[in-house]
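The values are calculated or read from the model by the stated rules, or taken from the named source; none is laboratory data. Note that the structure is a prediction, hence the values are computed from the model and not measured. Using ideal geometry, Cβ is built from the backbone for each residue, glycine included, and neighbour counts are taken over all protein chains shown. Accessible surface is based on the protein model in full, side chains and every heavy atom, while ligands, DNA and RNA are left aside. Shrake-Rupley method; radii C 1.70, N 1.55, O 1.52, S 1.80 Å.
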Amino acid sequence: MTADPNSVSQESITVTTPDANPPLPDSATSSAPAPTVQTEAPSDPTTTTGRAVTLSGLHAYYGTQHAVKGVDLAFSANKVTAIIGPSGCGKSTMVRCINRMHEEIPGARAEGHVLLDDQDVYAPGLDVVSVRRAIGMVFQKPNPFPTMSIFDNVAAGLRLTGSRGTPLKERVERSLVGAGLWDEVKDRLHSPGAGLSGGQQQRLCIARTIAVEPDVILMDEPCSALDPIATLRVEELISELKSRYTIVIVTHNMQQAGRVADSTAFMLNGELVEFGPTSQIFTNPTDERTEQYVSGRFG
Amino acid sequence: MSETRQAYQEEMERIEASALGGLDMVVESLDRAMMALAGRDARLAALVIADDDRIDGRYLEVHQSILTLIAREAPVATDLRLAAALLHTIRHVERMGDQCVNICKLVPLLGHAPPVVDEIAERIQEMGRLARVQTEGAKRCFTTRSVELAEVVAAEDAVINRLNRDIFQLALEAGTDFDTREWATCMMLVARCLERVGDNAVDICEQAAFVVTGLFRELSDASRPVSLRSGDEG
């Protein structure tokens, strides 16, 4: 694995954010806190940049079922990478390994390395919450907290992880603007999030994700429950977000991959078959199985 | 995994057959145009000109079918390259038909008994024969997806190009008789049309190679400077 020379060293694994809350005095903690993923978190999130993610020899299992079989893959910083493949090929499992969501399923485990720049998110003792703050996730079905207002939905992550520096209201507004939802909801911030349309709910979930200023956003079929117009709005948003975040999107929609992704990876039966520039994957793939799949000849 | 998109596959095959069938129509027009030219048969020439509407119609039909296919089926990978290549190909077919029309428009200008320079007339007939061979070769190349055949057709183009330059030179040397110079000038225009038919055949072969390799490569480069008096390229 080639480390990015600009990334932080493996030794400096604790939070060193300029606007972080001051550490608790030693007397308040009974033991040393678990190491966390370092985040950059500058005061102005419009200047944040994504970080590269590298999978190295990644295997994932559900009990004895081998779902992801030794994937090596590098997601470039501030690029959109699409993962395509037929149902059950392991693409969602692979993505859920990136922010350690996979291990939450009983009997599930992962082996190998997932590097955020050069920090291994599977390093022993690493605080999993810090991993998920650095690597946010948007799911297939919009899942706003049903009893919470629009404001509280966005603020939820900030309240959990601790809002750093900037006032909460300002962070919520900035996140809703970033998710392209502000103009539509600014006059009803305290209405229930569940009252929004499906497309608006999904953008609310994106606002909730970017509110905690992650480095990477994982999207697992984020538009599969949306109508074509809402889908295009989310796709436009993805294109805007990539200047600040590294984005990995799982999709069954070939045209969506073609429209939004800089690079595309094709998976089959838990293996990575082909990875390359999206234009190449959709015009001149090198592997016959990729050709057959993207042409709709199986799947 | 099950095989899918059978209807789509059949539609793509139908469009390809229709587009390449246009080359058969070009061969037919070319044969008649050369016959009209040799026999100075203005009626046959008029028939070729009128018949070009069939080639134009084929162009419109294939063009529309490909647009519909792209809009409805969103082809990718080899399918996308094939759709793009067929759009180019049918345009070349239409232009080849136009060249046959251009030749036939010159036939009534030749008169019943023009002064013929044998060296030019022989070369014109040879160019017509080669243009036919290239047109058939382009169809075979596309049908068989043969990059090797594409290169053969491109190599044949060098011969037709050389004959075109020969005719230009012979026309310049046709003497001082007005009627002879007028006839020779017409033949120069005919040679130019036949040379373009050959170029279009090579263009179609380039499209066939693109479908196979995914890389566009010019098999002959008309932009390279070539002497009008010698050399095989151009």
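Using Cα-Cα distances under 8 Å and only pairs 6 or more residues apart, what relative contact order does chain B have, in percent? Answer for chain B is 24 percent. Based on protein heavy atoms only, the stretch A:121-242 ends up with 41 Å² per residue of surface accessible to a 1.4 Å probe.
Ordered from largest to smallest accessible area (heavy atoms of protein chains, 1.4 Å probe), the residues A:Y62, B:Y8, B:Y59 come out as A:Y62, B:Y59, B:Y8.
Give the accessible surface of the stretch B:112-169 per residue, rounded to a whole number of Å², with probe radius 1.4 Å and ligands, DNA and RNA excluded.
Working: 2700 Å² over 58 residues.
Averaged over the residues of the stretch B:112-169, the accessible area is 47 Å².
Could you give the dipole magnitude of the protein assembly as shown about its Cα centre, charging the beta-carbon of Lys and Arg +1 and that of Asp and Glu -1, in debye to the nearest 20? Numbers along the way, then the final one.
Values: 51 positive and 74 negative charges, 310 e Å.
For the protein assembly as shown, the charge dipole is close to 1480 debye.
The residues of the stretch B:1-46 listed by number as losing at least 30 Å² of accessible area in the complex, against the isolated chain and with a 1.4 Å probe, are B:M1, B:E3, B:T4, B:R5.
List every DSSP H helix in chain B whose Cα atoms extend 24 Å or more along the helix's own long axis and whose mean Kyte-Doolittle hydropathy is at least 0.0.
Working: long enough: B:6-39 (50 Å, 0.06); B:42-73 (46 Å, 0.17); B:77-106 (44 Å, 0.25); B:118-144 (39 Å, -0.73); B:147-172 (38 Å, 0.61); B:178-213 (52 Å, 0.39).
Helices passing the filter in chain B: B:6-39, B:42-73, B:77-106, B:147-172, B:178-213.
Taking the Cα centroid of the stretch A:58-92 and of the stretch A:131-185, what is the distance between the two, rounded to the nearest whole Å? So the separation of the two Cα centres works out to 27 Å.
Comparing the stretch B:1-101 with the 2.2 N^0.38 Å rule of thumb, its C-alpha radius of gyration ratio is 1.31 (two decimals).
Rolling a 1.4 Å probe across all protein chains gives A:K186 an accessible area of roughly 90 Å². Only protein atoms count toward the accessible area here, which uses a 1.4 Å probe; on chain B, the carbon and sulfur part of that area reaches 53 percent.
Counting only GluC sites (Glu not before Pro) that DSSP places in a loop and that have at most 16 other Cβ atoms within 10 Å, the longest clean stretch of chain B runs over B:4-172. Burial of accessible area (probe 1.4 Å, heavy atoms of protein chains only) in the stretch A:282-299, relative to its chain alone, reaches at least 40 Å² for A:F282, A:T283, A:N284, A:E291, A:S295, A:R297, A:F298. Given chain B reduced to its alpha-carbon atoms as identical point scatterers, what log10 I(q)/I(0) does the Debye formula return at q = 0.10 Å⁻¹? Taking Cα atoms of chain B as identical point scatterers yields -0.50.
Site pair B:A113 and B:H88 shows an inter-label distance of 5.0 nm when each label is modelled 7 Å from Cα along Cα→Cβ.
Probe radius 1.4 Å, ligands and nucleic acids left out: can you give me the accessible area buried at the A-B interface, summed over both chains, in Å² to the nearest hundred?
Working: alone 13410 and 11860 Å², together 24060 Å².
Roughly 1200 Å² of accessible surface disappears when A and B pair.
For B:T144 and B:T185, what does the FRET efficiency come to when R0 = 41 Å and r is the distance between their Cβ atoms, rounded to the nearest 0.05? Present the calculation step by step, with values, prior to reporting the outcome.
Details: r = 40 Å, r/R0 = 0.98.
Calculated transfer efficiency: 0.55.
Would you work out which of A:L189, B:T68, A:G125 lies farthest towards the positive end of the dipole of the protein assembly as shown, given +1 charges on the beta-carbon of Lys and Arg and -1 on that of Asp and Glu, about the Cα centre? Working it through, the farthest residue towards the positive pole turns out to be A:L189. Relative contact order for the stretch B:16-87: 33 percent, from Cα pairs under 8 Å spaced at least 6 residues apart, divided by residue count. Amide H neighbours of A:V273 under 5 Å, counting only residues 5+ apart in sequence or on other chains, H built in-plane at 1.01 Å? Here A:F266, A:M267, A:L268 satisfy the definition.
Taking 20 Å² as the minimum loss, tell me which residues in the stretch B:69-87 lose that much accessible area going from the chain by itself to the full protein complex (1.4 Å probe). Buried by the other chains: B:A74, B:V76, B:A77, B:T78, B:D79, B:L80, B:R81. Only protein heavy atoms count here; on that basis, with a 1.4 Å probe, B:T78 has an accessible area of about 40 Å². Close amide H partners of A:A67, meaning residues 5 or more places away or on another chain with modelled amide H under 5 Å apart, are A:A60, A:Y61, A:Y62.
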